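The following block contains the structure, expressed as structure tokens.
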Amino acid sequence: NSQKKVGIIGSGLIGRSWAMLFAGAGYTVKMYDVLEEQLQDAMISIRGQITDLESQGLLRGSLSADVQCSLITTSNNIADVVKDAVHIQECVPENIDLKKKVLKSVSDACTSNSTVICSSTSCILPSKIFSHLPRVGQCIVAHPCNPPYHCPLTEIVPHPQTEQSVIIKTKAIMAEIGQTPVMLNREVDGFGLNRIQYAILNESWRLVEDGIMSPEDVDKIFTDGLGMRYAFIGPYQTIHLNAEGTKNYMERYSESIIRVSKSFGPVPTFDGKSLNSIHESISSEIPSTPADLEKKRKWRDERLVALSKLKQEM
Ligand code: NAD
């Protein structure tokens, strides 16, 4: 794929990860940013990460760390980045007006009808950022999960006018670079991942707010319960296996599921007394100082790496 080029717009946390993923599959990657020092930082950080991954045996693809690094270069000229690219991945901060502006300049610089213009947005609907573009048919969202290198899920969300061929190409390129694309047939606020994550957060919050459980014990429901399974089977396979198939599961349990679900309270406001007490409670184990948070993040990332290694062996 060294002949095929990908453009990355924005060289922050997510832009860097995409650059590494595309280089891992042999794409030539050009990264653009408005800040020259961000680009320089990005190159140093990418080289460090790729070298570390290689020494841990976790580098994706068959190319060496040196070759992968050599595939990634930077430019401060958007036309240079967009020219002849098969795919552009936009990774600028999560702000509608900024994204609209940046995507317009990408679209204007685009000279080919076959270049896919893809946004990494976490929660802005495609219709809010692509509708003004003449090349709207070439535009689509691919929302990664952080950190993308170790959590391969990528949500593909088309604009209502995205061409079918663009959807197919985007799914294919994501699978090719080792991501796991999942498809939303139409746009919906929060996409799939955050809708489910927020449903979990809502009930977790209510259980604490209503004085039924402590935040620490709610977390254990995931770390020592649901999460043990969810790393390799989702809720659908879970119920299928917990009875004699899905139909049998629902014959046995749908009444309880509906009864319990009807007892869920309203959406919490996530403020006031419960916010204070939940914050205090979690901070007693992980103080909210930058150093303590960083230490715990490092621990989390190491656990994630170990888990993704385990999953590769499955
Ligand atoms: P970030 O702040 O780390 O990086 C943004 C980069 O964009 C910076 O390097 C900045 O200099 C650059 N930038 C700003 N204005 C620009 C412009 N006009 N043109 C080009 N570059 C510009 O942000 P991030 O965490 O990498 O997030 C980028 C996108 O990815 C956001 O839409 C975010 O919602 C999405 N995303 C983030 C995560 C996450 O966990 N961080 C996960 C999934 C998706």
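Taking only Cα atoms and a 10 Å spring cutoff, compute GNM fluctuations for the chain and point out the largest among L275, L63, L125.
Result: L275 has the largest fluctuation of those listed.
Give, as a single signed number, the net charge of other residues whose beta carbon lies under 13 Å from the beta carbon of A291, with Lys and Arg counted +1 and Asp and Glu -1. Don't skip to the end; give the middle numbers.
On the way: positive: K295, K296, R297, K298; negative: D292, E294.
Here the count lands on +2.
Shifting gears a bit: On the full set of protein chains, 1.4 Å probe, figure out the accessible area of M250 and give it in Å² to the nearest 10.
M250 exposes around 80 Å² with every protein chain in place.
Rounded, prolate or oblate: which fits region 5-183, taking a ≥ b ≥ c as square roots of the Cα gyration tensor eigenvalues, rounded meaning a/c under 1.5, else prolate when a/b beats b/c? Working shown, then result.
On the way: a/c = 1.72, a/b = 1.40, b/c = 1.23.
The shape class here is prolate.
Same structure again: Name the most mobile residue of D292, D84, D108, meaning the one with the largest mean-square fluctuation, in a Gaussian network model of the chain with Cα contacts below 10 Å.
Result for the chain, Cα springs under 10 Å: D292 fluctuates most.
Subtracting the Cα-Cα distance from 0.36 nm times the residue separation, let me have the gained length for N113 to S131 in nm, one decimal.
Numbers: separation 18, 0.36 × 18 = 6.48 nm, distance 1.68 nm.
Separation in residues times 0.36 nm, less the Cα-Cα distance, equals 4.8 nm.
In addition: Tell me the carbon and sulfur percent of the accessible area for region 254-314, rounded to whole percent, probe radius 1.4 Å.
Details: 3030 of 5050 Å².
Carbon and sulfur: 60 percent of the exposed surface of region 254-314.
Same structure, new question: Provide the FRET efficiency to the nearest 0.05 for the M228-I96 pair, computing r from the beta carbons and using R0 = 41 Å.
On the way: r = 39 Å, r/R0 = 0.94.
FRET efficiency, M228 to I96: 0.60.
With the other protein chains left in place, how much accessible area per residue, in square angstrom, belongs to region 18-73 at a 1.4 angstrom probe? Please report the intermediate quantities before stating the final value.
Values: 2530 Å² over 56 residues.
I get 45 Å² per residue for region 18-73.
When Lys and Arg each count +1 and Asp and Glu each count -1, what net charge do the other residues less than 11 Å away from S274, Cβ to Cβ, add up to? All intermediate terms of the calculation are to be shown ahead of the outcome.
Working: positive: R206, K273; negative: E209, D210, D271, E280.
Surrounding charge for S274 is -2.
Anyone know which of W205, W18, W299 comes out most mobile in the 10 Å Cα GNM of the chain?
W299
What whole-number value in Å² describes the accessible area per residue of region 193-312 for a 1.4 Å probe?
Values: 9090 Å² over 120 residues.
Normalised by residue count, the accessible surface of region 193-312 is 76 Å².
Provide the gained length on full extension for the span I282 to V34, in nm with one decimal, where the gain is 0.36 nm per separating residue minus the Cα-Cα distance.
On the way: separation 248, 0.36 × 248 = 89.28 nm, distance 3.76 nm.
That pair, I282 and V34, stretches by 85.5 nm at full extension.
Within 10 Å, Cβ to Cβ, of K99, how many net charges do the neighbouring residues add up to if Lys/Arg are +1 and Asp/Glu are -1? Present the calculation step by step, with values, prior to reporting the outcome.
Values: positive: K100, K101, K104, K128; negative: E90, E94, D97.
Charge balance near K99 sits at +1.
Also: Lone cysteines in the chain, going by a 4.7 Å Cβ-Cβ cut-off?
C69, C91, C110, C118, C123, C139
Turning to a different aspect of this structure: At a Förster radius of 25 Å, what calculated FRET efficiency corresponds to the Cβ-Cβ distance of E216 and K309, to the nearest 0.05?
Details: r = 28 Å, r/R0 = 1.12.
The calculated FRET efficiency here is 0.35.
Let me ask something else. Straight-line reach from K5: which lysines fall under 24 Å, measuring Cα to Cα and dropping same-chain residues less than 8 apart?
Counting by Cα, and skipping residues close in sequence, K5 has these lysines nearby: K30, K83, K99, K100, K101, K104, K169, K171.
Pairing the Cα long axis of helix 246-262 with the longest principal axis of the chain, what angle in degrees results, from 0 to 90 and rounded to the nearest 10?
The helix 246-262 is inclined about 80 degrees to the chain.
Related question: Tell me the Kirkwood radius of the chain: reciprocal of the mean inverse pair distance over distinct alpha-carbon atoms, in Å.
Evaluated over the chain, this radius sits at 21.7 Å.
How many percent of the accessible area of region 85-219 is carbon or sulfur, using a 1.4 Å probe? List each step's numbers first, then the result.
On the way: 3340 of 6000 Å².
Using a 1.4 Å probe with all protein chains present, region 85-219 comes out at 56 percent carbon and sulfur.
Nothing charged except the Cβ atoms of Lys and Arg (+1) and of Asp and Glu (-1): what's the magnitude of the dipole of region 99-197 about its Cα centre? Round to the nearest 20 debye.
Working: 10 positive and 6 negative charges, 53 e Å.
So the magnitude is around 260 debye.
Points 7 angstrom from Cα along the Cβ direction at S105 and V188: gap in nanometres?
That separation, rounded to one decimal, is 3.6 nm.
Then there's this: Relative to the longest principal axis of the chain, what angle (0 to 90°, nearest 10) does the C-alpha long axis of helix 290-312 take?
Rounded to the nearest ten degrees, it is 80.
Need the full-extension length gain, T289 to E302, defined as separation in residues times 0.36 nm minus the C-alpha distance. One decimal, nm. Before the final figure, lay out each step's value.
Details: separation 13, 0.36 × 13 = 4.68 nm, distance 2.01 nm.
The T289-E302 span can extend by a further 2.7 nm.
The values are calculated or read from the model by the stated rules, or taken from the named source; none is laboratory data. All values reported here derive from a predicted model rather than from experimental measurement. FYI the Cβ positions are ideal-geometry reconstructions off the backbone, even for glycines, and counts take in every protein chain you see. Quick note on the areas: whole protein, heavy atoms, side chains included, nothing else; ligands and nucleic acids left out. Shrake-Rupley method; radii C 1.70, N 1.55, O 1.52, S 1.80 Å.
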